[in-house]
Structure formats: structure tokens, C-alpha cells
1. Within region 266-309, how many residues turn out to be in contact (Cβ under 8 Å) with a residue 40 or more places away in the chain, farther than 21 Å from S329 by Cβ and hydroxyl-bearing (S, T, Y)?
2. Return the only residue of K308, K379, K291 being under 24 Å from the mean Cα position of the chain (by Cα) and either over 30 Å from N55 (Cβ atoms) or aliphatic (A, V, I, L, M) (or both).
3. Given the criterion more than 19 Å from A9 (Cα to Cα), within 15 Å of ligand 3 (Cβ to nearest atom), surrounded by 21 or more Cβ atoms within 10 Å (Cβ to Cβ) and touching a residue at least 12 places away in the same chain (Cβ under 8 Å), identify the matching residue among T142, T174.
4. Looking for whichever is within 14 Å of ligand 3 (Cβ to nearest atom), part of a loop (DSSP other than H, G, I, E, B), in contact with a strand residue (DSSP E or B) (Cβ under 7 Å, 6 or more places away or on another chain) and not aromatic (F, W, Y) here; the options are V204, V218. Which one fits?
5. Name the pairs whose Cβ atoms lie under 9 Å apart, with the first residue in region 120-134 and on the phi > 0 side of the Ramachandran plot, the second of a type in the set (S, T, N, Q), and 6 or more positions between them or separate chains?
6. Go through region 364-378 residue by residue and tally those that are closer than 18 Å to M197 by Cα and surrounded by fewer than 16 Cβ atoms within 10 Å (Cβ to Cβ).
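The values are calculated or read from the model by the stated rules, or taken from the named source; none is laboratory data. Since the structure is predicted, the reported quantities are computational estimates derived from the model, not experimental observations. A quick note on method: Cβ atoms are made from the backbone with ideal geometry, for glycine too, and the neighbour counts reach across all protein chains shown.
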Amino acid sequence: MKYGGSSVATAEKINEVADRIIKKREQYKNIVTVVSAMGKKTNELLALSSEISLNPNRREMDVLLATGEQVTIALLSMALNEKGHKAISLTGWQAGFRTFGHHMRSKVQSVESELIERYLDEGYIVVVAGFQGVNSARDITTLGRGGSDTSAVAIAASLEYPCEIYTDVEGIYTVDPRVYKNAKKLDYLSYEETLEMASLGAKVIEPRSVELAWKYNVPLYIALNTNEVKGTYIVKEGKIMEKKNITNLSIMDNILLVNIELSTNSPEEINDLFVRLGNENVIIDIISQNKFARDKYLVSFTTTSDNKEIVSSVLKEKGLNFNYIENVSKVSIIGNAMRTQAGVASRAFEILAQNNVELHQVSTSEISISYVIDDENVKKVVEVFVEEFNL
Ligand code: ADP
Ligand code: ASP
Ligand code: MG
């Protein structure tokens, strides 16, 4: 079971989570619970660090950020003890999370789960800190924002258990229910569509956790933290009997669209640009490249708007001509049926044209179409897509 930040935001909520774990024990002998930092703690720690440094050492950031989850595991174990149950808290490194890659977005290499298993055998409820691990240099690492979902799935994969993710909504909806209140809850969704929607901005579940669950066949269930209503089961595609063409709409906000004018389309030049951005930890999303006049090429890409300063300095350093488009969002429609059915894209384009929506960029995958549009058009586009595709 995994409980996210909002589910453990106060001592009272931690007590409620403890009650639910105890109840779950009537059904399952062995339970491992993964928890996030309380409420908005991770954001508070990030803000605190920025009072000290605007460019803090990333290793030290991980030492700082990992403290959030450590508070929750101790309190939850105490709550379980207080209610008469044997429980033990484990940090990510105690629980066996070995990681690799960059600080603040490390990847899970393995979960060496002997200690978890030993405590389970001794009858303990094991409470593990999400989002954290240790790398080969024995540095504390974190897994990137929302990473507790990945921690939970990694433990489930390692123990061959099912994984239940409890959060502040009743499951996965056709659209973020906080953005569109008539969105419908889905009983089932395929791993592939869930991965696509999560990667395209629906933060209800972290994409890497879905990837991991899919790879290791971990049964995944997403539900409201009170467990009083039925949530969403993530299953293999073939198990879903009846479904719509388009299953989901995801929105990613805070996007920065960068347009760069180049006088050459030499692969080395373009490569150098993206290598430099990569070295600065700038994650690039959609890239497009066009020739628009003789010896004039336009390279455009999107990233998150918090990268504006760093992108600016890299482009200036290279002496490039560029401009930005800000206050844009990416709206994506997702559905496995797109692979086999023609006409979805043309319907979507037609609706956008009828509504005079300016498209800054469009990208597609086998099962999705994404449009970068002005923030002010998002509400309208969500409404027309919901209606057209019956979401
Ligand atoms: P947690 O703290 O439990 O990890 P998150 O805040 O990371 O929770 O994720 C839950 C949030 O995801 C919801 O409050 C909801 O606003 C958002 N969300 C975005 N898209 C969807 C969707 N399609 N279905 C359900 N929730 C969504
Ligand atoms: N506490 C971390 C975050 O806020 C990890 C998580 O909640 O999954 O990103
Ligand atoms: Mg989350």
C-alpha cells in the first residue's frame, strides 16, 4: 500500500492511515506500506534550500529532501504501535533501494528486500520511506518528484505482491477531476494508456512506476485513501472488454516553448545545442525542426518554464537568435484505438479549427496526439474534446 503526501498530511491523517492498514491486515498477512512526505513538505524543503542557495549542490539537496519521508515513516510506525500492532520503519537505504543516475532523479537499480522480508516473517507491518535510496557511492539519492509511487511498485515487484496506491481522488478519471468536474472515473485502464497519460502530464501516478509495474506484471490499483469506493485497476490491454476510442485527456501546464533560428541544419550544431542543455539538466519534451527560408531553419522545443533562465543562458552563450512563447499548456488525448482507427486526428483538428484555437506545436505517438496551446484556451479545448470523444 502506498499513501501519498495529502493522505499523511497531519497526525490525524496518519492515525487514519494506520487504522486502514490494520483493517487491510484482516485480508492480507503481509503488508508493506510506502509513504510520502507529509502534505507539501517536499515543496517546503525546496523553498527552504532556495533561501540558502539558488544553485544548491544536488547531493546535498537529496540529503535534505529525503528527510521528508523519514518523518512520516516514524510517525506511522508509532501510530501502529500505539494501536497495538508490531510495526517497523525503514528508510529507503535500509529497505534495500540501490539507485543509479543523477541526484534528484535517480533510478532504481534493485531492491534488496531481505530485511523487509525478515521483518514480515517476524510479523511486523513494514513502513518504508518512498522516494529515496542510496547509490554506489553510498550517497543518499531521491527518485524525482512523485517518486514514492515508483518505490511502492519496486517493492511490490521485488516481493511479487500486488500494489495499491491510495491518493486524494477516487481513481483515474478521463480528465483530471480538479480541472473538469464532470470527468468520469475509469474502472479499468491498460498499462500502456496509463503510462502514456502519466507521461503526458496527469500526475495522479508517476510514469516510471507504471513502466515498472508493466514490465514486472505488478497488479496495480489506484483508489481514494479511505478505500470506501472502488478505484481503478490497471490491467493488460486484452482484459478490458468494452472501451472507448479515446480513454483520457491529460494536461501539462507551465510549459515554455523555445524557438531558435539557425542558419544551418548541421546535425553537429543541433546535437551540440541539446547536449549543452542536457548537461544543465534541462529536460526537453517536443522537438521540431523546419526549413522556413533559404539557409534559415527553425528549431523549436518545449520544456518546463522553470528552465527559462538556464535555457536563456545556454542559447546566449551559443550566440543564437531565439524567442519564447510562455503561458502555454500541452493538452493530449490518449487511446489505444488510435493505433488501428483512422480519423481521430482529423476529428480533433477539425474541432480545434472550428473553435479558432491557435496551435503552437503538435506531436503524436502511436496512441496519443498532443497540442501545445495558450493557457487561456485550455478550458475550452477540454470541453470540446470531452464532448466530441465522450470522455
Ligand atoms: P499523491 O500525493 O497521493 O501522490 P498526487 O497529487 O501526486 O497525489 O496525485 C493526485 C492528483 O492527481 C489528484 O489530486 C488530481 O488532481 C491529479 N490528477 C491529474 N490527472 C488525473 C486523472 N486523470 N485522474 C485522477 N487524478 C488526476
Ligand atoms: N515527497 C516526494 C514529492 O513530493 C515524493 C512523492 O510524494 O511521491 O515529490
Ligand atoms: Mg503523487
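1. Matching residues across region 266-309 total 0.
2. K379
3. Numbers: T174 fails: within 15 Å of ligand 3 (Cβ to nearest atom).
After ruling out the rest, the residue left standing is T142.
4. Details: V218 fails: within 14 Å of ligand 3 (Cβ to nearest atom).
Of the residues listed, the single one that is within 14 Å of ligand 3 (Cβ to nearest atom), part of a loop (DSSP other than H, G, I, E, B), in contact with a strand residue (DSSP E or B) (Cβ under 7 Å, 6 or more places away or on another chain) and not aromatic (F, W, Y) is V204.
5. F131/S36; F131/T42; F131/T142; F131/S148; F131/T150; F131/S151
6. Filtering region 364-378 down to residues closer than 18 Å to M197 by Cα leaves 364-373, 378.
Then keep just the ones that are surrounded by fewer than 16 Cβ atoms within 10 Å (Cβ to Cβ); that gives 364-366.
Here the count works out to 3.
Rundown of residues vs (1) within 16 Å of ligand 1 (Cβ to nearest atom); (2) among the aliphatic types (A, V, I, L, M); (3) surrounded by 13 or more Cβ atoms within 10 Å (Cβ to Cβ); (4) at pLDDT 95 or above, yes/no style:
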site: I287; (1), (2), (3), (4): no, yes, yes, no
site: N290; (1), (2), (3), (4): no, no, no, no
site: R294; (1), (2), (3), (4): no, no, no, no
site: N307; (1), (2), (3), (4): no, no, yes, no
site: I310; (1), (2), (3), (4): no, yes, yes, no
site: S313; (1), (2), (3), (4): no, no, no, no
site: L320; (1), (2), (3), (4): no, yes, yes, no
site: I334; (1), (2), (3), (4): yes, yes, yes, yes
site: M338; (1), (2), (3), (4): no, yes, yes, no
